[in-house]
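Asker: I have a structure here, written as structure tokens, and I will follow up with some questions on it.
The values are calculated or read from the model by the stated rules, or taken from the named source; none is laboratory data. Remember, predicted model here, so these are calculated numbers, not experimental data. Here the Cβ is made from the backbone with ideal geometry for all residues, glycine too, and neighbour counts use every protein chain on show.
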Amino acid sequence: MANNKAKPSFDPPFPVEKRLDSTPLTQGVIPGEFIPLSKSSAFLNQSLAQPKAEKISRHLWFAGPPGRFRTLHQQHALRRTIIPCEEPALHLIWHANIIWIKPLSPSLTNYEFFEEYVCQSPELYYLACGYLYSYTHLIRYYSDYRIAKEKGLLRDDISWQAWQSFRLSLDSFFEQHPEYIHTRYHYGDLRLSRLNFVHRLGNFRGYHNVYTHYGPYFSTYFASAIVIFAFASVTLTAMQVALTVPPSDIPMYLAITSYRFSIAIIVAVAVIVISLTLIFIPIVALDFKKGFLANLKLAHKLRQHKCRMTAEEA
């Protein structure tokens, strides 16, 4: 019987003899995940998709320069805590003294799975290549390898020799085919605070919210406002002292400048208060809406369950 299956559009970025995972697909599960192969498409999209980064791809330079990847030992040197995270949007995003890194998926080091399920989709292929490309920079030295093992970024059964062989084969591939690297991975470490700022320009909500309650979130805004008010207060006090001299000795330009600056400060205070209110109200409203809708959905499910129980008893 003829094989009607479409030929892959691309080839895996590593040769079959360099693969790190050799689990046969005949087992019917995604290698290393034990999820049915029938759900491979959903799994890959969930594991690799970068919709937020794609929306602001032209402005990623604001959060980090192109090509700036730091190895794991350099992350330690910067005193950053490495947080394993399965959310692809947070891979190589840093905030304060932490950085999120997505552990290396065994399925993407399996040649057969990569060829069968990743190479068929250009979008998934570019994302997977970019993700693997990032790891060629993260783990370059034995110290990086040890950190990766300690943090659970690599499986325990991967040896240092096997990893180096796999990484060097990827390096060779991407040197010849840089066009296969997804736009997100043209950039390495990205600063979360700047990503939030850029993302809010086109979307009210930021890239990622690290706060679980309102206090710490708004303290960042209040801290900036307090600094502005402190400088303004010192300036106004100095102007007030200058204006205590006899009127005949006060230059006209100083009196006019003091008056205008005072009005500007009053306007600035009003603008800051209004801005904080406009930021606070939608956030609270959205959280309330989510909670209210979730409660309605739960109540509906409970009513349906109760009706079914009543029908069964009757």
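Results for (1) under 16 Å from the mean Cα position of the chain (by Cα); (2) without any contact (Cβ under 8 Å) to a residue 12 or more places away in the chain; (3) not in a helix (DSSP H, G or I), shown as yes or no for each residue.
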residue	(1), (2), (3)
Glu54	yes, no, no
His73	no, no, no
Ile99	yes, no, yes
Phe114	no, no, no
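Asker: Could I ask something else about it? Select from region 34-52 the residues that are hydrophobic (A, V, I, L, M, F, W, C), in a helix (DSSP H, G or I) and loosely packed, with under 14 Cβ neighbours inside 10 Å and list them in ascending order.
Answerer: Ala42
Asker: Within region 129-148, is even one residue of a type in the set (Val, Ile, Thr), under 22 Å from Glu33 (Cβ atoms) and assigned to a loop (DSSP other than H, G, I, E, B)?
Answerer: yes
Asker: On to the next question. Restricted to region 110-125, and to residues that are in contact with a helix residue (DSSP H, G or I) (Cβ under 7 Å, 6 or more places away or on another chain) and buried (at least 21 other Cβ atoms within 10 Å of the Cβ), which residue is nearest to Ser38 (Cα to Cα)?
Answerer: Here the residue is Tyr117.
Asker: Another question, if that's okay. Quick one: count up the residues across region 11-30 that are in a loop (DSSP other than H, G, I, E, B), modelled with pLDDT under 95 and within 21 Å of Gln46 (Cβ to Cβ).
Answerer: Summing the residues that are in a loop (DSSP other than H, G, I, E, B), modelled with pLDDT under 95 and within 21 Å of Gln46 (Cβ to Cβ) in region 11-30 gives 2.
Asker: OK, next. For Arg167, indicate whether it is farther than 26 Å from Leu192 by Cα, in contact with a helix residue (DSSP H, G or I) (Cβ under 7 Å, 6 or more places away or on another chain) and at pLDDT below 95.
Answerer: no
Asker: Could I ask something else about it? Given the structure, is Ala63 closer than 18 Å to Tyr131 by Cα and among the aliphatic types (A, V, I, L, M)?
Answerer: no
Asker: To continue, here is another question. What about Gly64, is it assigned to a loop (DSSP other than H, G, I, E, B) and closer than 23 Å to Val210 by Cβ?
Answerer: When the stated conditions are applied, Gly64 passes them.
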